[in-house]
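Take a look at the structure set out below.
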Amino acid sequence: MTSIRPFRPGDEPALGEICVRTAAAGGDATGQLSDDDIWPAIFAWPYARRHPDTAFVVAAEDDRPAGYIVCAPDTDAFERWFADRWWPPYAERWPPRADRIGAERDILAHAAGRGRAPSRWQADGYPAHLHIDLLPELQGQGWGAG
(Lines give C-alpha, C1' and ligand atoms only; values in the text may rest on other atoms or scores of the structure.)
Protein backbone atom coordinates (compact mmCIF):
# COMPACT_ATOMS: atom_id res chain seq x y z
CA MET A 1 0.00 0.00 0.00
CA THR A 2 1.32 3.46 -0.89
CA SER A 3 2.01 5.59 2.17
CA ILE A 4 3.78 8.70 3.37
CA ARG A 5 6.72 8.15 5.68
CA PRO A 6 9.47 10.35 7.12
CA PHE A 7 12.57 10.92 5.00
CA ARG A 8 15.44 8.65 6.01
CA PRO A 9 19.16 9.03 5.39
CA GLY A 10 19.84 6.98 2.29
CA ASP A 11 16.73 8.29 0.48
CA GLU A 12 18.80 11.00 -1.24
CA PRO A 13 19.45 9.06 -4.49
CA ALA A 14 15.74 8.36 -4.84
CA LEU A 15 14.90 12.02 -4.18
CA GLY A 16 17.39 12.97 -6.88
CA GLU A 17 15.84 10.56 -9.39
CA ILE A 18 12.31 11.73 -8.59
CA CYS A 19 13.38 15.36 -8.91
CA VAL A 20 14.93 14.83 -12.34
CA ARG A 21 12.05 12.68 -13.58
CA THR A 22 9.52 15.39 -12.64
CA ALA A 23 11.50 18.60 -13.29
CA ALA A 24 9.94 19.24 -16.71
CA ALA A 25 6.57 20.46 -15.39
CA GLY A 26 5.88 17.04 -13.89
CA GLY A 27 7.58 15.18 -16.74
CA ASP A 28 11.04 13.74 -17.24
CA ALA A 29 13.89 16.26 -17.53
CA THR A 30 16.62 13.63 -17.92
CA GLY A 31 19.32 14.97 -20.21
CA GLN A 32 17.91 18.49 -20.50
CA LEU A 33 20.89 19.97 -18.62
CA SER A 34 24.59 19.14 -18.87
CA ASP A 35 24.37 17.31 -15.53
CA ASP A 36 21.13 15.84 -14.19
CA ASP A 37 22.32 16.48 -10.61
CA ILE A 38 21.72 20.22 -11.08
CA TRP A 39 17.99 19.68 -10.53
CA PRO A 40 18.11 17.91 -7.14
CA ALA A 41 21.08 19.96 -5.92
CA ILE A 42 18.79 22.99 -6.06
CA PHE A 43 15.26 21.67 -5.60
CA ALA A 44 15.44 18.52 -3.41
CA TRP A 45 18.65 17.61 -1.58
CA PRO A 46 19.19 20.90 0.28
CA TYR A 47 15.73 20.69 1.82
CA ALA A 48 16.24 17.15 3.06
CA ARG A 49 19.66 18.09 4.43
CA ARG A 50 18.59 21.31 6.14
CA HIS A 51 15.18 20.15 7.37
CA PRO A 52 15.00 16.35 7.50
CA ASP A 53 12.22 16.70 10.07
CA THR A 54 9.96 18.31 7.44
CA ALA A 55 10.94 15.98 4.59
CA PHE A 56 8.69 13.07 3.70
CA VAL A 57 8.68 10.30 1.14
CA VAL A 58 5.66 8.94 -0.66
CA ALA A 59 6.56 5.27 -0.61
CA ALA A 60 5.22 2.75 -3.07
CA GLU A 61 4.02 -0.64 -1.85
CA ASP A 62 7.60 -1.95 -1.72
CA ASP A 63 8.71 1.11 0.37
CA ARG A 64 10.50 2.48 -2.70
CA PRO A 65 10.32 6.29 -2.77
CA ALA A 66 8.06 7.35 -5.64
CA GLY A 67 7.50 10.90 -4.46
CA TYR A 68 8.57 13.41 -1.85
CA ILE A 69 7.54 16.46 0.09
CA VAL A 70 10.35 18.76 1.24
CA CYS A 71 9.86 22.00 3.12
CA ALA A 72 11.63 25.13 4.26
CA PRO A 73 9.62 26.27 7.30
CA ASP A 74 11.52 29.59 7.30
CA THR A 75 12.31 30.65 3.75
CA ASP A 76 14.57 33.55 4.80
CA ALA A 77 16.76 31.32 6.98
CA PHE A 78 16.79 28.56 4.35
CA GLU A 79 17.83 30.95 1.59
CA ARG A 80 20.69 32.32 3.72
CA TRP A 81 21.87 28.79 4.55
CA PHE A 82 21.56 27.74 0.91
CA ALA A 83 23.69 30.67 -0.29
CA ASP A 84 26.28 30.50 2.49
CA ARG A 85 26.66 26.79 3.17
CA TRP A 86 24.93 24.58 0.62
CA TRP A 87 25.60 26.17 -2.76
CA PRO A 88 29.34 27.07 -2.64
CA PRO A 89 30.60 23.50 -3.33
CA TYR A 90 28.11 23.16 -6.17
CA ALA A 91 29.08 26.58 -7.57
CA GLU A 92 32.58 25.16 -7.92
CA ARG A 93 31.16 22.13 -9.74
CA TRP A 94 29.01 24.25 -12.07
CA PRO A 95 30.78 27.60 -12.40
CA PRO A 96 29.09 30.38 -14.34
CA ARG A 97 30.12 30.17 -17.99
CA ALA A 98 29.20 32.31 -20.96
CA ASP A 99 28.49 29.23 -23.06
CA ARG A 100 25.63 28.03 -20.85
CA ILE A 101 22.40 28.76 -22.65
CA GLY A 102 18.71 28.68 -21.98
CA ALA A 103 17.28 26.74 -19.05
CA GLU A 104 20.60 25.69 -17.54
CA ARG A 105 21.91 29.26 -17.40
CA ASP A 106 18.64 30.43 -15.84
CA ILE A 107 18.52 27.63 -13.27
CA LEU A 108 22.13 28.13 -12.20
CA ALA A 109 21.66 31.92 -12.05
CA HIS A 110 18.62 31.30 -9.83
CA ALA A 111 20.65 29.09 -7.50
CA ALA A 112 23.58 31.48 -7.38
CA GLY A 113 21.30 34.41 -6.56
CA ARG A 114 19.36 32.74 -3.76
CA GLY A 115 19.65 34.37 -0.37
CA ARG A 116 20.35 37.81 -1.81
CA ALA A 117 16.84 39.19 -2.12
CA PRO A 118 13.38 38.19 -0.95
CA SER A 119 11.61 35.84 -3.31
CA ARG A 120 8.23 36.68 -4.77
CA TRP A 121 6.63 34.37 -2.19
CA GLN A 122 8.33 36.11 0.69
CA ALA A 123 7.30 39.49 -0.70
CA ASP A 124 3.72 38.23 -0.90
CA GLY A 125 3.76 37.27 2.79
CA TYR A 126 4.41 33.53 2.62
CA PRO A 127 7.29 32.82 5.03
CA ALA A 128 7.63 29.10 4.22
CA HIS A 129 7.63 27.00 1.06
CA LEU A 130 7.65 23.38 -0.04
CA HIS A 131 8.14 21.14 -3.04
CA ILE A 132 5.98 18.11 -3.81
CA ASP A 133 7.13 15.85 -6.61
CA LEU A 134 5.57 12.54 -7.61
CA LEU A 135 6.61 10.02 -10.22
CA PRO A 136 4.01 9.46 -12.96
CA GLU A 137 2.81 6.26 -11.26
CA LEU A 138 1.48 8.39 -8.37
CA GLN A 139 0.41 11.53 -10.23
CA GLY A 140 -3.31 12.26 -10.34
CA GLN A 141 -4.13 10.08 -7.32
CA GLY A 142 -4.39 12.83 -4.71
CA TRP A 143 -0.96 12.38 -3.07
CA GLY A 144 -0.04 15.99 -3.81
CA ALA A 145 -3.43 17.49 -2.90
CA GLY A 146 -3.79 19.55 0.23
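Observations on the structure shown:
- The angle between the Cα long axis of helix 12-22 and the longest principal axis of the Cα atoms of the chain comes to about 80 degrees, rounded to the nearest 10.
- Exposure rank, largest accessible area first [D11, D53; 1.4 Å]: D53, D11
- Solvent exposure of segment 1-98, expressed per residue, is 50 Å² of accessible area, with all protein chains present and a 1.4 angstrom probe.
- For R49, R5, R21, the ranking by accessible surface with the largest value first comes to R49, R21, R5, using a 1.4 Å probe.
- Here T54 sits with roughly 30 square angstrom of accessible surface, probe radius 1.4 Å.
- For the chain, the Cβ-based charge dipole about the Cα centre amounts to some 460 debye (Lys, Arg positive; Asp, Glu negative; other atoms uncharged).
- Choice from I38, I107, I69 showing the highest fluctuation, given a GNM over the chain with Cα pairs closer than 10 Å: I107
- Net length gained if the chain between Q32 and S3 were fully extended (0.36 nm per residue, minus Cα distance): 7.4 nm
- Per-residue 3J(HN,Hα) values for segment 136-142, derived from phi via the Karplus relation 6.51 cos²θ - 1.76 cosθ + 1.60 with θ = phi - 60°, read x, 4, 10, 5, x, 10, x Hz in sequence order (x marks Gly and Pro).
- Exposed loop sites here are GluC sites (Glu not before Pro) assigned a DSSP state other than H, G, I, E or B and surrounded by at most 15 other beta carbons within 10 Å; excluding them, the longest clear run of the chain is 62-136.
- Each of Q32, H51, G16 was placed along the dipole of segment 4-86 (beta-carbon charges, centred on the mean Cα), and the one lying farthest toward the positive end is H51.
- Rolling a 1.4 Å probe over the protein heavy atoms of the chain, with every protein chain left in place, gives an accessible area that is 54 percent carbon and sulfur.
The values are calculated or read from the model by the stated rules, or taken from the named source; none is laboratory data. Quantities reported herein were computed from a predicted structural model and do not represent experimental measurements. With ideal geometry, Cβ positions are generated from the backbone for all residues, glycine too; neighbour counts draw on all protein chains shown. Ligands, DNA and RNA are stripped out before the accessible areas are found, and what is left, the full protein with its side chains, is counted by its heavy atoms. Shrake-Rupley method; radii C 1.70, N 1.55, O 1.52, S 1.80 Å.
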